[in-house]
Amino acid sequence: MPTDLVEVPDLMNRNRYDVRYLISLTSLYVQSKGSTSANATVTGQSYAPGTMVPRGTTITVEYTDHSAQD
């Protein structure tokens, strides 16, 4: 029996390329906030990993670039 719920992947500490790939495996969408640096990684996501959400849900991720910090 098909379900209209999908599991939110763990996007924490992933780069933009990994996030795009992981989201492409689901029926979810992603909205990005924060740093636009190529070195930025996810430091927050709007739904916890493992949460079951309806297909088509938008997951907001916050990117932070730690490479410029001392």
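Quick notes
- Of the residues examined, TYR21 is one that is within 11 Å of the chain's Cα centre (by Cα) and open to solvent by 50 Å² or more (accessible area, probe 1.4 Å).
- Matching option when the condition is basic (Lys, Arg) and touching a Phe, Trp or Tyr at 6+ places or on another chain (Cβ under 8 Å), among ARG20, ARG55, ARG16: ARG16
- Condition check for TYR47: without any contact (Cβ under 8 Å) to a residue 40 or more places away in the chain, open to solvent by 80 Å² or more (accessible area, probe 1.4 Å), under 20 Å from THR64 (Cβ atoms) and not in a helix (DSSP H, G or I): yes
- None of VAL61, VAL19 is of a type in the set (A, V, I, L, M) and part of a strand (DSSP E or B) except VAL61.
- Looking across the stretch 27-44 at every residue that is buried (at least 17 other Cβ atoms within 10 Å of the Cβ) and not in a strand (DSSP E or B), the one that is nearest to the chain's Cα centre (by Cα) is identified as LEU28.
The values are calculated or read from the model by the stated rules, or taken from the named source; none is laboratory data. None of the values given here were measured: they were computed from a predicted structure. Here Cβ is always computed from backbone atoms with ideal geometry, including for glycine, and neighbour counts include all displayed protein chains. These accessible areas exclude ligands, DNA and RNA; they are computed on the full protein's heavy atoms, side chains included. Shrake-Rupley method; radii C 1.70, N 1.55, O 1.52, S 1.80 Å.
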